[in-house]
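Some notes on the structure that comes next.
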Amino acid sequence: MGAHLVRRFFQSVAARPPDPAEEAWLMGLLNEAEQRHYRQMSRADRSHAVRSARCPALADDAQRVAAALHDVGKNRAGLGTMARVGATVAGALAPRWVRGRWAQYRDHPRLGAAMLAEAGSAELTVLWAAEHHLPPERSTLPAALVAALAASD
Ligand SMILES: [Fe+2]
Ligand SMILES: [Fe+2]
């Protein structure tokens, strides 16, 4: 498990709700369907979304929206923190044995991209949701953009 996942685990366990003013700022960047998806996220995921959107590496609001919504597919699996750890570890050790909601959690990039495409999100938002767990060299986005978005995650 990478340092990223370890950090995310502790952020999830210690999750405080995002600052209301920060959430209001982010809502101003999202369309109505995106706002509905955001509100359905867990407290930990909303904190992660707002923190990602505020990363100084991001250049404009289109990138901030993409950063905020990249994990929206996790809504579909609806797992708590410990089950997410289980899904992540099991997925790393024995991916073919992972089923049901754990498999949906592992599949959150594809599910999220489909949700965002349906929500009328910008192409960058859909692509980053789909590709945010790919190795950077396999991304269809420009390398500098991938670097900025990855820094925000
Ligand atoms: Fe993710
Ligand atoms: Fe993330």
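The table below lists the values:
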{"item": "Residue within segment 2-16 that is modelled with pLDDT under 85, more than 21 Å from Ser152 (Cβ to Cβ) and within 14 Å of ligand 1 (Cβ to nearest atom) present", "result": "no"}
{"item": "Selection status of Ala151, assigned to a helix (DSSP H, G or I) and touching a residue at least 12 places away in the same chain (Cβ under 8 Å)", "result": "yes"}
{"item": "Those residues of segment 36-54 which are over 20 Å from Leu149 (Cα atoms) and away from ligand 1 (no atom under 15 Å from the Cβ), in sequence order", "result": "Arg36, Arg39, Gln40, Arg43"}
{"item": "Qualifying residue in segment 98-118 (condition: surrounded by fewer than 21 Cβ atoms within 10 Å (Cβ to Cβ), modelled with pLDDT under 95 and away from ligand 1 (no atom under 16 Å from the Cβ))", "result": "yes"}
{"item": "Residue ID - farthest from the chain's Cα centre (by Cα), chosen from residues in segment 33-70 that are surrounded by 21 or more Cβ atoms within 10 Å (Cβ to Cβ) and part of a loop (DSSP other than H, G, I, E, B)", "result": "Leu58"}
{"item": "Residue match in segment 57-73 (condition: of a type in the set (Lys, Arg) and either within 16 Å of ligand 1 (Cβ to nearest atom) or farther than 18 Å from His133 by Cα (or both))", "result": "no"}
{"item": "Among (1) within 16 Å of ligand 2 (Cβ to nearest atom); (2) assigned to a helix (DSSP H, G or I) - the single one Val89 does not satisfy", "result": "(1)"}
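For (1) small (Gly, Ala, Ser); (2) within 14 Å of ligand 1 (Cβ to nearest atom); (3) surrounded by 19 or more Cβ atoms within 10 Å (Cβ to Cβ), each residue gets a yes or a no:
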| residue | (1), (2), (3) |
| --- | --- |
| Ala90 | yes, no, no |
| Gly120 | yes, no, no |
| Leu134 | no, yes, no |
| Leu149 | no, yes, yes |
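The values are calculated or read from the model by the stated rules, or taken from the named source; none is laboratory data. Since the model is a prediction, treat every value here as computed from it, not as a measurement. A quick note on method: Cβ atoms are made from the backbone with ideal geometry, for glycine too, and the neighbour counts reach across all protein chains shown.
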